[in-house]
Each structure stands twice: as C-alpha cells, then as structure tokens.
1. Cut-off 10 angstrom, C-alpha nodes, Gaussian network model of the chain. Which of Met364, Met237, Met281 fluctuates the most?
2. If the reach is capped at under 16 angstrom between alpha carbons, list the aspartates and glutamates near Lys235, excluding any in the same chain fewer than eight residues apart.
3. For Lys5, what is the net charge nearby, where nearby means another residue's Cβ is under 9 Å from its Cβ and Lys, Arg count +1, Asp, Glu -1?
4. List every residue whose amide H lies under 5 Å from the amide H of Asp219, counting only residues 5 or more places away in sequence or on a different chain, with H placed 1.01 Å from N in the peptide plane.
5. Helix-only estimate, please: 222 nm mean residue ellipticity of the chain, summing -39500 (n - 2.57) across DSSP H runs of length 4 or more and dividing by its residues, to the nearest 500.
6. For the stretch 131-270, just run the numbers: alpha carbon Rg, then divide by 2.2 N^0.38 Å, N being how many residues it has.
7. Could you state the angle between the C-alpha long axis of helix 154-163 and the longest principal axis of the C-alpha atoms of the chain, as a value from 0 to 90 degrees rounded to the nearest 10?
8. For the chain, set up a GNM with springs between Cα atoms under 10 Å and report which of Arg244, Arg102, Arg393 has the largest fluctuation.
Amino acid sequence: MGRAKKVVLAYSGGVDTSVCIPYLKQEWGVEEVITFAADLGQGDELEPIRLKALDAGASQSLVGDLIQPFVEEFALPAIRANALYEGRYPLSTALARPLIARRLVEVAREMDADAVAHGCTGKGNDQVRFDVAIAALAPDLKVLTPAREWGMSREEAISYGERFGIPAPVSKKSPYSIDLNLLGRSIEAGPLEDPMVAPPEEVFAMTASIEAAPLQSQDIEISFEAGNPVAIDGKRMEPVALIREANRLAGEHGFGRLDIIENRVVGIKSREIYETPGLLMLIRAHQELESLTLAADVLRTKHQLERQWADLVYQGLWFGPLKDALDGFIDRTQTYVNGVVRLRLHKGNVTVIGRSSQSSSLYMPQLATYGSEDDFDHKAAEGFIYIWGLPIRLWSAARRGGR
Ligand code: ARG
C-alpha cells in the first residue's frame, strides 16, 4: 500500500467505518483522516455521527446534505428508466453510491487529499460501485480499503476499536446489517441468512404490515411531466417532498416490501429484504403512463434497455459510456410521458385503476370502441391478415407436401 498522507474517508458512523480511522493512522501510517458523512434523507441524527468521527481520531469531520441531488439526479432517472434489477429491486442502495463517490472526490480535491477511503468489505456490491466510480472520476486518486484487507472478524474489529476509544455498539445488538436512505431500506444478515426464514416484523420501518394496514382503501393520483412525478392528488411538490409523501402513502398501506434472492456482482447469491414503498409505487405508475403514451415499438425497445440500465447501475457502471448512451434514448422518450395515473392503495397492494394524458395519449377511443362510434375500417383487416399470414400458409402447405 503506497503511503498516503491525507485521506478522505466515507463515513457512516458504524463500527467498520469508525475502526477505519485509527486503523488508517496506526497501521497504514496515514497522517490525517478527514471523514465525510452524507445525508441521503435516511433520517439519522448526523451531529452525533460527526462527533463520533472526531472522537475516533478524525482531524476533521464533514457532513454533506446530498438529499436534493440524490433525488433529482439519481432517483428521478431511475423512475424514468423503470429501473428494477433482476425485474424486482429498485436499486435504492445502488443509486446512492455514485453520488457519495462523486462528493468524496470533490471533498478530496477541496482538501488537497492524496487518497480517499471507504469501509466496504470484499464481498459486497458497494465496494465495486465506489471503486469504479472513483476511478472514473479521478483516476489519479488512490482508494484505500482497510475493511477489505484487515482480515478482522466483526468481534475483532470491535475490540480493535475499543483500544482507540471507539465504543462497542451499545444497545441490544441488532443482528442485522441495514442500509437506508430516502428511497428505502435494505436489511441483511442474522436470521435472514436462512432463505427459508420469514423476515421478522421488527426488520421493517417504512412499511406497515398487511395486518396493520388500514381496512379502508385509498385512491390517489400521481401526475407526471416529461416522465418525472410532479404532483400527488393535484398538489405540486418538489421532488424530495414528493418522494417523502409517496413513501408515507404507500408505506402506510403496507406496500413496498421485497424478499428476494439476488445475484451480486461478485458472484454470490444473497437473500435481501427491502422496503422501498414510494419508489416502487412511482415506478408502477410511471410504467402505466408509458403504456398509454409511448408507441409500441418504442415501449418494447425501452423495456429491453431498462433491464440493461438497471444492470449497469447495480454493477457500479453509473459513470460509464453505455449508461450515458442509454440515458440519451430514455430521456428522448420521456418528452411524451405526461399525464395522470390513478392508483388504489389497499392492504399491501398498489393497483392501477386509471390513466389519462391530455397531450400525449395514443389511446384513440374511436378506434378502441365496440360501440357505434367505431372508426376502425374492419374490411381493411382482411388484406392485412392475408399478407401477415402468408409465410405461415406457405410453410404449412410445404410441410404437408401440398402446394
Ligand atoms: N444488496 C443491496 C445492493 O447491492 C444492498 C447492499 C447494502 N445493504 C446492507 N444491508 N448493508 O444494492
């Protein structure tokens, strides 16, 4: 490990990142560790976290509010892309990583640091996302990864930290590993490592259980402009406030829990519990508006590219050329995604019950109707089907030896 003098460490306040502070100084001879903690709307008190880093030996402890860029530059594009990794996970954790990496690089520049550091282990996706993003943004900057190299168990890391005044996690030790931000929570480890064990109710914080959800259903309307959600029930909101309100509504009705086996970048299959109520509900509504406003071929092509977009984000390639090119396609399609989707929230379900678009609907009542206003030229179908079915008739006749 080439010597670094001044290092900016991505800091969460957890045991691993706290232990990184004395470890970098004692074991790797780093002179100055500056910590950076990001506010991504997770709702944690950041002042105690800021002080904790100083207690652990940081020379400076910085906190940055990244909520607005997180929503505008990361959550909204994910909604426009209907991004669901492996068809299900809306990337709530993955989307935060390139933003943290970007800010980490900026802080390193401002502080004239010669390296950045993070506390990710060698088994997860987050190390991949941080390392690749930092390499893309600042190829000259060293990335120090103590937790990937120190080979300590969690118990050993805790007692190492205690030698340097880092308190062991006090409260009744939660067996879970939790990542959270405004978009959702990811819960792993402990009893959840047995994929057959049902998630205990205590792991959830953003969503009501189906039992506790109201008996009464609730209908809401979400308005979109150029693919971005802009209002709920006609009330315009800034994107951050809108996501919060979407989380509240969907969460209250018990919608947005996932329990899945997921394929990590490093080849491991892991069991993941997520709750991402607002994001999943907004994607569902957005998909519905697209089916009303996008042409069939555009829609089908977009579906294929959406899967690829989600893979790229999951795999840490946010700042790559394919992501950039796909964004070009997706953004172009979104010009037409304007309108309103009506949803019914009830006992763990979000059901689409209506959609409309003043400016961009491709639904033509006079073509779709079975009533007397019908404009469709029924006789034209005959010629169309004659030609459409020609290849099959030829093949079928040849197969039977007839002509
Ligand atoms: N598997 C998720 C992802 O890769 C979440 C990882 C972080 N979760 C955690 N509980 N530490 O995006």
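1. Met364
2. Asp219, Glu221, Glu225, Glu245
3. It works out to a net charge of -1.
4. Residues meeting the criterion, in which the H sits 1.01 Å from N, are Leu345.
5. Roughly -11500 deg cm²/dmol at 222 nm, from the helical runs in the chain.
6. 1.43
7. 40 degrees
8. Result for the chain, Cα springs under 10 Å: Arg393 fluctuates most.
Since every read-out is calculated from the coordinates, none of them should be taken as a lab result. From a predicted model like this one, the values you see are computed outputs, not experimental measurements. No Cβ is skipped: glycine too gets one built from the backbone with ideal geometry, and neighbour counts run over all protein chains shown.
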